[in-house]
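Working notes, structure below.
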Amino acid sequence: MKHALTLIALAAGLTVAAQAQTFPGSKPVTFVVPFAAGGPTDRVARDLAEAMRKAVPGGNFVVENTAGAGGTIAATKVAKANPDGHTLMVWHIGMAATPALYRKLGYKALEDFEYLGMINDVPMTLVGKPQLQANTYRDFENHIRANAGKLNIAHAGLGSASHICGLLWQSTLQTKDAMTTIPFGGTAPAMTALMGGQVDVMCDQTTNTTAQIESGRIKAFAVTTAKPLSNHPVLKHYPSLQEMGLKNFNLTIWHGLYAPKGTPAEVIKVLNDGLKKALKDPEFIKKQEGLGAIVVNDKRVEPAEHKKFVAAEMAKIKAAVDAAGKYAD
Ligand code: MLT
């Protein structure tokens, strides 16, 4: 019996090794996106899947959306997925924020995933519905204060980028009556509600707002980067929050690629090599930069540096959340 079990384990080990040698093979590689289709994270994942299809010969990269709970439902699913390289996750600052906000999570962000490299850095924008009675950041701030407790702000769930940005910005207003928060499964549906005037305000990634700002379907008031985005044809028209007196306000969110813990080293190498090639793809870069994102081109494309970066972000956010004492659960 013991001999048989050894043989089975040997065979299983051999199968994984053999699969790793032939990865990706014909089976699709799925990028799980923790938010609704059509939003900024979905956008990055779909553009990357296209570039990876060129970068990894024979690779069939597809995207699947699993929205909910600020992205933690998808993260739990991927942490528990078969570590064969065919189930991956594209996620953002939520990877660092949710362990601080949720005291009970179905995964450990630093232990249950393989870090495959960072993808991009994305500034955020403070935007409002087209009917909002304000046209400059000053008007906007005064309008919020004059209507304290009467206005609402949309976000993509507790721990999402739009939630974190909204929280950080509102904390600068020092108004007693906060805005009502309206959660969505992603900022794609939230954007539809904003354009329709069903919600008043949102802080969202430029990759989701730039086109709507350019077309006039929403209003924009400021960018969250330390400096204004002076090189961007659309976003250059808006001040940075620091210029508006919000000292030290500097928020850029980032996206990375992740696999379940235990994914074979050979598979991680194929995926990381593919990612590095995709990040140099002129078409991918053009699409991302057109929407205000910056494609990562530094040591964070290396798995170990990616993990180090996220661990540092996690510690920073945990300190802020513990100081505020506000948790999602
Ligand atoms: C999305 O793709 O919907 C966003 O990344 C959500 C968010 O975190 O704000």
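Descriptive notes on the structure:
- Within the range 30-42, considering residues that are among the hydrophobic types (A, V, I, L, M, F, W, C) and within 11 Å of the ligand (Cβ to nearest atom), the one surrounded by the most Cβ atoms within 10 Å (Cβ to Cβ): PHE35
- Screening GLY186 on (1) open to solvent by 50 Å² or more (accessible area, probe 1.4 Å); (2) more than 22 Å from LEU229 (Cα to Cα) shows it passes everything except condition (1).
- Candidates ALA96, ALA49, ALA45, ALA74: the one that is assigned to a helix (DSSP H, G or I), open to solvent by less than 10 Å² (accessible area, probe 1.4 Å) and either touching a Lys or Arg at 6+ places or on another chain (Cβ under 9 Å) or of a type in the set (Asp, Glu) (or both) is ALA96.
For every residue, the table says whether it meets (1) more than 16 Å from the ligand (Cβ to nearest atom); (2) in a loop (DSSP other than H, G, I, E, B); (3) closer than 20 Å to ALA220 by Cα.
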| site | (1), (2), (3) |
| --- | --- |
| ARG103 | yes, yes, no |
| GLU141 | yes, no, yes |
| GLY159 | no, yes, no |
| CYS165 | no, no, yes |
| THR172 | yes, no, yes |
| ALA178 | yes, yes, no |
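The values are calculated or read from the model by the stated rules, or taken from the named source; none is laboratory data. All of these numbers come straight from a predicted model, not from anything done at the bench. With ideal geometry, Cβ positions are generated from the backbone for all residues, glycine too; neighbour counts draw on all protein chains shown. Heads up: the accessible areas ignore ligands, DNA and RNA and are worked out on the full protein's heavy atoms, side chains in. Shrake-Rupley method; radii C 1.70, N 1.55, O 1.52, S 1.80 Å.
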